[in-house]
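Encoded as structure tokens, the structure appears first; notes follow it.
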Amino acid sequence: MKILSLEAKALIHATEDREKVMEALQFTLPFPIEYVSQIAKGQYGNSIEIITVKVTHARDLRAFLKHIATNLGKEWERLGREIEQRFSSGKFYIRFDKMKAYLGELSLGKGLQVELTVTSYPYNENKIKRELRKLFENVH
């Protein structure tokens, strides 16, 4: 199994402080980030800024895994139990609580989405899921 990339997204609603959301995103990703910003319209015509960070460097991917393994506590193991719900078509999805991340605490929740692209050669979804389970059992 190999993790090829990470894509993180944060939505900044008109009622939120952009700097606080960016601090939460930076806390979640423990390395310097470069991002793309896009403006969208919400259901009621409100402005929503979408921040997207793409990472492909192995060093940063390892740093991210180490960071969440160290800071998620029992929720790290929960990721391993929820592989069936979180893995689809080569992507593993994790959502973090935006407010807690701003306060310096990593916790599963809503607000910051991270998508890991995972593969194996040859591609075998069952093998990837087994390897992900091992990862979440052993790293913590």
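At-a-glance table
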quantity	calculated
Matching residues, segment 10-33, being buried (at least 18 other Cβ atoms within 10 Å of the Cβ), under 20 Å from I68 (Cα atoms) and either out of contact with any Phe, Trp or Tyr (no Cβ under 9 Å at 6 or more places or on another chain) or of a type in the set (A, V, I, L, M) (or both)	A10, V21, A24, L25, L29
Hits in segment 4-23 (condition: modelled with pLDDT of 95 or more and either among the β-branched types (V, I, T) or in a helix (DSSP H, G or I) (or both))	I12, R18, E19, K20, V21, M22, E23
Flag if K134 is basic (K, R), loosely packed, with under 15 Cβ neighbours inside 10 Å and either within 17 Å of S5 (Cα to Cα) or in contact with a Ser or Thr (Cβ under 6 Å, 6 or more places away or on another chain) (or both)	no
Filter result (more than 27 Å from K20 (Cα to Cα) and without any contact (Cβ under 8 Å) to a residue 40 or more places away in the chain) within segment 87-140	S88, S89, G90, K91, P122, Y123, N124, E125, N126, R130, K134, N138
Filtered residues of segment 65-86 (kept if free of Cβ contacts under 8 Å to residues at least 12 places away in the same chain and touching a Phe, Trp or Tyr at 6+ places or on another chain (Cβ under 7 Å))	R86
Filter pass, S88 being modelled with pLDDT under 90 and under 28 Å from Y35 (Cα atoms)	no
In segment 24-80, residue farthest from K134 (Cα to Cα) [restricted to those that are in contact with a Gly (Cβ under 9 Å, 6 or more places away or on another chain) and part of a helix (DSSP H, G or I)]	A24
Hits in segment 13-46 - residues which are touching a Ser or Thr at 6+ places or on another chain (Cβ under 9 Å) and not charged (D, E, K, R)	H13, A14, Y35, V36, S37, Q38, I39, A40, N46
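The values are calculated or read from the model by the stated rules, or taken from the named source; none is laboratory data. None of these values were measured; they are calculated from a predicted model. Cβ sites come from the backbone with ideal geometry, for glycine too, and all protein chains shown count toward neighbours.
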